[in-house]
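A short write-up of the structure that comes next.
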Amino acid sequence: MPDPFHILIAEDEVLAAMALEDFLSFKGFRVTVAANGVEALERYASERVHALVTDLRMPRMDGQTLIREIRERDAALPVVVMTGYLTQDSDLTHERWKPLEIFSKPVNPRTICNTLNRMLGLPQEV
Amino acid sequence: MAVGLEEFLDTGGFVPHGVCLLWRPDILMLHVASDVLIGLSYFSIPVALTYFVIRRRDVAFGWMALLFALFIIACGTTHFLSIWTLWTPDYVLEGLVKLVTAFASLATAAALWWLMPRLLALPSPRELEASNRALALEVATRREMEARYSSFFNNLGEALFIVQVLPDGDFAYEAINPALARIGGLDPEQLRDRRVRDAVAPELADLVIPRYTACRDSGETIDYEETLDMPAGQRVFHTMLVPVKDAAGRVIQILGSGRDVTERKRLQEEVVQTSKLATLGTLAAGMAHEMSQPLNVIRLWTENTLTRLHENLLDPARAERALKLVIEQTDRMGKLIDHVRTFGRRDGGGMRAFHPAHCVESAVELVRHQYALEDIEIVEHAGLAQLPVTGRPLELEQVILNLFSNARDAIVARRASGEAAGRIMVAVSDDPDRQSVVIQVTDDGGGIDPSVLPQIFDPFFTTKEVGKGSGLGLSIGYGIIDGMGGRIEARNVELESGSRGVRFTITLPSQPVSSSDREFSHA
């Protein structure tokens, strides 16, 4: 059995992060949780990460900045954004951030999981 | 040398006076004609005088005129006797009449001199005419004033009324103006001189009599706001009662005026509401985030549980934990919803006693997370704050939220200019000496330009760029704090960290504020 894909979750809401971690682990991913952008960037720097799932509003470093930093290092890393609301002036919908998918909270973990599968080239669950 | 009366009256030895005139008919005629004319004239004068005195009953010193009359009749009689003695030598009689005349003349002359100062003091007709003219002018002026005042009274839109304080201390309406009659659906004629309790509906009497009593007993002008049920619906009046006192200082009358401030109140409330909505608008973004968080947790945990259930991998302990989490999250959402609901409510509820520390806590709770996301820390210094204040808790919370929001904006602007900032300090403490509670909100956002510091509480004054601030926040806040009998001040401070910022200090009195005090502080 190959090593599972490593998903980095950046989410300051501990309970949400825990639930998502639990769900994705249950679905066969290896999951690391970071409470903010700075921590996520540190984790990214220290381990190989196959995809990022991030909140936008976080203390210390927000999701937008985190994505910008990540894109400078890896233009192709799949990114899934979970957000309470997307401000109108956000340019995250722009092509240059792709591969990137945006979901509004509350998110469906199955959708997140399916999206990750698709972005990582894994078979879709039904 | 006693002479008998008979002897005294005996004229046998005298000759008539005509003998002296040698009975010359021309001389006799001259004397007779002159004396007759003089006598008749003299007799007519007292008639005229008496007639004058009788007709002019108001004439001063009328008895003097009668004395003159007596004196002149006596004079006239002496002249007729002069004619008589031409032919009949009744010189004794003539002498006696002259004696009477002498006394009358003496009395008249004496009385005249005695009266002289007072006669001189009598106004002359010219003086009387002048004073009459002045009086007429005065009367005309007063009539004009009265007309002006009565037109004031009758045409002013303000409700005016005069209440009489009866000897037993009760109140009766003396007059009400047409404006009051119109607003109140009252008939001025029916109300006149009727006791207040009998004149108006019992509910209205119960409302106004305590006010009249307060004015009567204090002897001072009082003013207050009252909400009265009028035929045109519920109206809010700003009423002022002015006591009128007699020489002994007893209040005998109360002058009242009532301005219908219903519309003004509504506009004020609307402005407060608008600002509340504006504050709410800035909070809405944060609120969306706050709401999405628990919702997200709920969704994730239920999906987790459902997936495990489908796979037959759900143990009861895990299910229980998930459900408890869900319940906690719904509680969290419920609290948020309550908060938004009460915040948006139009009527902030009545004035009541409350602890301002709760409002501060509540405001901090509302924005702490949102501000933390922007790296703004809210530091609370909870001192000993136990004194209650009077007002509407939600309004105070709105003021504090507005201060937080301004502090946040200052911090963001400070950072944009490359300086470090990000702390909002809030402190609540009692000032037992002054029986007041002090709330301080301090930021490290760089401070306010001292030249604009005096203006910051002015309506529509804003330092923010166009579209960023309405300029109403602080002025509304000022009104709210003022309405609670307190004050709000701002000054620039140097912080221990070396940075600079603004400190807003709200001081609220701890004793209940009366409506009249509040109105005065607004004036």
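Residues in the range B:152-181 that are open to solvent by less than 20 Å² (accessible area, probe 1.4 Å) and assigned to a loop (DSSP other than H, G, I, E, B): B:Gly169, B:Asn177.
Pick from the range A:44-56 the residues that are over 13 Å from the mean Cα position of the chain (by Cα) and in a loop (DSSP other than H, G, I, E, B): which of them is surrounded by the fewest Cβ atoms within 10 Å (Cβ to Cβ)?
Residue satisfying both the conditions and the ranking: A:Arg48.
Exactly one residue among B:Ala420, B:Ala413 is part of a helix (DSSP H, G or I) and at pLDDT below 90, and that residue is B:Ala413. For beta carbons closer than 8 Å, sequence separation of 6+ or different chains, a first residue in the range B:240-254 that is of a type in the set (D, E, K, R) and a second that is open to solvent by less than 20 Å² (accessible area, probe 1.4 Å) and assigned to a loop (DSSP other than H, G, I, E, B), the qualifying pairs are B:Lys245/B:Gly219. Take A:Thr93 and tell me if it is away from every other protein chain (no Cβ under 13 Å) and either modelled with pLDDT of 90 or more or not in a loop (DSSP other than H, G, I, E, B) (or both). No: the conditions fail for A:Thr93. Name the residue that is farthest from A:Met82 (Cα to Cα), counting only residues in the range A:37-59 that are within 14 Å of chain B (Cβ to nearest Cβ) and in contact (Cβ under 8 Å) with a residue 24 or more places away in the chain. Among those residues, the one meeting the criterion is A:Pro59.
Of the residues making up the range A:1-28, those that are open to solvent by 10 Å² or more (accessible area, probe 1.4 Å), within 14 Å of chain B (Cβ to nearest Cβ) and in contact (Cβ under 8 Å) with a residue 12 or more places away in the chain are A:Asp12, A:Glu13, A:Val14, A:Met18, A:Glu21, A:Lys27, A:Gly28.
Of all residues in the range B:360-384, none satisfies the criterion of being more than 50 Å from the chain's Cα centre (by Cα) and of a type in the set (Ser, Thr, Tyr). Say whether the condition of being touching a strand residue (DSSP E or B) at 6+ places or on another chain (Cβ under 9 Å), modelled with pLDDT of 90 or more and within 11 Å of chain A (Cβ to nearest Cβ) is met by at least one residue in the range B:300-313. No, the range B:300-313 contains no residue that is touching a strand residue (DSSP E or B) at 6+ places or on another chain (Cβ under 9 Å), modelled with pLDDT of 90 or more and within 11 Å of chain A (Cβ to nearest Cβ). For A:Arg110, are the conditions met, namely being closer than 26 Å to B:Ala288 by Cβ, within 14 Å of chain B (Cβ to nearest Cβ) and open to solvent by 20 Å² or more (accessible area, probe 1.4 Å)? Taking the combined requirement at face value, the residue satisfies it. Summed over the range B:182-194, residues that are more than 13 Å from B:Val163 (Cβ to Cβ) and open to solvent by less than 90 Å² (accessible area, probe 1.4 Å) total 6.
Table: residues versus (1) of a type in the set (Ser, Thr, Tyr); (2) in a helix (DSSP H, G or I); (3) at pLDDT below 90; (4) open to solvent by less than 100 Å² (accessible area, probe 1.4 Å).
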residue	(1), (2), (3), (4)
B:Val3	no, no, yes, yes
B:Glu6	no, yes, yes, no
B:Gly12	no, no, yes, yes
B:Val19	no, yes, yes, yes
B:Val36	no, yes, no, yes
B:Gly39	no, yes, no, yes
B:Arg57	no, no, yes, no
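Let's see how each residue does on (1) touching a Cys at 6+ places or on another chain (Cβ under 9 Å); (2) under 22 Å from B:Arg118 (Cβ atoms); (3) touching a residue at least 40 places away in the same chain (Cβ under 8 Å):
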| residue | (1), (2), (3) |
| --- | --- |
| B:Asp35 | no, no, yes |
| B:Ile38 | yes, no, yes |
| B:Arg57 | no, yes, no |
| B:Ser82 | no, no, yes |
| B:Asp90 | no, no, yes |
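Which one of B:Ala102, B:Ala69, B:Ala130 is in a helix (DSSP H, G or I), out of contact with any Phe, Trp or Tyr (no Cβ under 8 Å at 6 or more places or on another chain), open to solvent by less than 60 Å² (accessible area, probe 1.4 Å) and touching a residue at least 24 places away in the same chain (Cβ under 8 Å)? Only one candidate passes the filter, namely B:Ala69. Quick one: how many residues across the range B:371-382 are farther than 14 Å from B:Ala407 by Cα and touching a helix residue (DSSP H, G or I) at 6+ places or on another chain (Cβ under 9 Å)? Summing the residues that are farther than 14 Å from B:Ala407 by Cα and touching a helix residue (DSSP H, G or I) at 6+ places or on another chain (Cβ under 9 Å) in the range B:371-382 gives 3.
Any residue at all in the range B:205-216 that's surrounded by fewer than 16 Cβ atoms within 10 Å (Cβ to Cβ), farther than 15 Å from B:Ile254 by Cα and not small (Gly, Ala, Ser)? Looking for residues that are surrounded by fewer than 16 Cβ atoms within 10 Å (Cβ to Cβ), farther than 15 Å from B:Ile254 by Cα and not small (Gly, Ala, Ser), one finds at least one in the range B:205-216, hence yes.
The values are calculated or read from the model by the stated rules, or taken from the named source; none is laboratory data. Here the structure is a predicted model, which means the values were calculated and not measured. Cβ coordinates were reconstructed from backbone atoms using ideal geometry, including for glycine residues, and neighbour counts include every protein chain displayed. The area values use the complete protein model at the heavy-atom level, side chains included, leaving out ligands, DNA and RNA. Shrake-Rupley method; radii C 1.70, N 1.55, O 1.52, S 1.80 Å.
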